[in-house]
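Notes follow the structure.
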């Protein structure tokens, strides 16, 4: 739905404004999942906006994603985090493991720098990896190091 | 960081401070231009009155791997309402990578009335200075540009090959891992645009970021000389080629060497590693 909404943009400026509006909905990872200093194991490789990614198993056994973006200018990373959360949270792990990295180009267009592409694709890759780990574990019955009980599910390592 | 005038640069003509910009926001002879890697940043907030110069849309040729031509540059400058006499003050994200890149492209058309705002967008923002979201619009100008002249600050692959064979100095401003060929790409990213890893023979590895402070401002002349001349024996009279992956990081180093240290012949190889690392039968060094 969110991706179809972006397709309605009439031009580059309108699309950028839509993406900025989406980024404004960003909320950093809740304390019950992680607190600073965040473990480097959740840091997105090659992302200069210092985006961290966590996934949480919901009681329904679906996964929900949480993000932190430590660079104050990381507005594209925040936008990507919101889109990943709003479009993928609740999907099955097997679907999440197949999310294509090209999603980045559908959202931001193809005129991204290599550095920006790698950082944003890295966030997608982190989501994939989390889903694959969840699948490999059979069931996420371990707690994320440093995370606390939330009563609404458990963090996937 | 000390005032720009106290840092001992060879010239301060091409560098202004955030404070200087804040005092000249209403100067009609100036045009502030933001150039970023992140395409969302300008629209999310920019210096009052600043226009956007986008590195892909505004500076690159729409089809070929090249920069815009004379008519394209005229169209850009007319759009932002600049004349040949307008001083364009560029700033942006990533410690002014893309601002320096735009500044360098401006030199291909002889627009020497250009400056970089020290520290870029982040420094301005961190100092609590105003940002606005309204896009700035100016009456179109009648900008007349000369033909693009690549000879002074740009260099092509055959010239680089001659440069290597003549034993003249090069600066590879990429990360050490890219320089050594350890990394062509990140895991899970099959294509970063080069088939071979390593560096152009005899190039010194001086990552661009060594010239920048934590806040994105440029280091002092003494600190820069210690890096480029002291550690790497580059001299102001040397004929130097700088390169990175596509020429944007090396624009930053080109600016440092040319304007802050006063080196007289520094050229940017914008083909950089995405060209050299794909060329057939050119020499490559790896440790």
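The values are calculated or read from the model by the stated rules, or taken from the named source; none is laboratory data. Just so it is clear, the structure is predicted and the values come from calculations on it, not from any experiment. In this analysis, Cβ positions are derived from the backbone assuming ideal geometry, glycine residues included, and neighbour counts consider all displayed protein chains.
In summary, helices (runs of 4 or more DSSP H) completely within the stretch B:193-284 and bearing 2 or more residues that are within 17 Å of the chain's Cα centre (by Cα) occur at B:249-255, B:272-276. Annotation note: Cβ proximity below 8 Å between a residue of the stretch B:21-34 that is farther than 19 Å from residue B:52 by Cβ and a residue that is surrounded by fewer than 11 Cβ atoms within 10 Å (Cβ to Cβ) (sequence gap 6+ or interchain) occurs for B:29/B:85.
Among the residues of the stretch B:78-96, is any closer than 20 Å to residue B:268 by Cβ, out of contact with any strand residue (DSSP E or B) (no Cβ under 7 Å at 6 or more places or on another chain) and not in a loop (DSSP other than H, G, I, E, B)? Within the stretch B:78-96 (the criterion being closer than 20 Å to residue B:268 by Cβ, out of contact with any strand residue (DSSP E or B) (no Cβ under 7 Å at 6 or more places or on another chain) and not in a loop (DSSP other than H, G, I, E, B)), the answer is yes, since at least one residue qualifies. Residue check: is residue B:112 closer than 21 Å to residue B:81 by Cβ and in the same structural domain as residue B:18 (by TED's automatic domain parsing)? Against the criterion (closer than 21 Å to residue B:81 by Cβ and in the same structural domain as residue B:18 (by TED's automatic domain parsing)), residue B:112 qualifies. For the stretch B:151-181, the candidate set comprises residues that are under 16 Å from the mean Cα position of the chain (by Cα) and part of a loop (DSSP other than H, G, I, E, B); within that set, the residue that is nearest to residue B:253 (Cα to Cα) is B:173.
Can you find a residue in the stretch B:35-53 that is at pLDDT below 95, within 14 Å of chain A (Cβ to nearest Cβ) and on the phi > 0 side of the Ramachandran plot? No: zero hits.
The sole residue among B:54, B:69 that is in contact with a helix residue (DSSP H, G or I) (Cβ under 9 Å, 6 or more places away or on another chain) and surrounded by 14 or more Cβ atoms within 10 Å (Cβ to Cβ) is B:54. If you go through the stretch A:4-13 and keep only what is within 22 Å of residue B:54 (Cβ to Cβ), in a helix (DSSP H, G or I) and more than 10 Å from chain B (Cβ to nearest Cβ), you end up with A:6, A:7. Every test in (1) buried (at least 19 other Cβ atoms within 10 Å of the Cβ); (2) in a loop (DSSP other than H, G, I, E, B); (3) touching a helix residue (DSSP H, G or I) at 6+ places or on another chain (Cβ under 9 Å); (4) more than 14 Å from chain B (Cβ to nearest Cβ) is passed by residue A:52 save one, and that test is (2).
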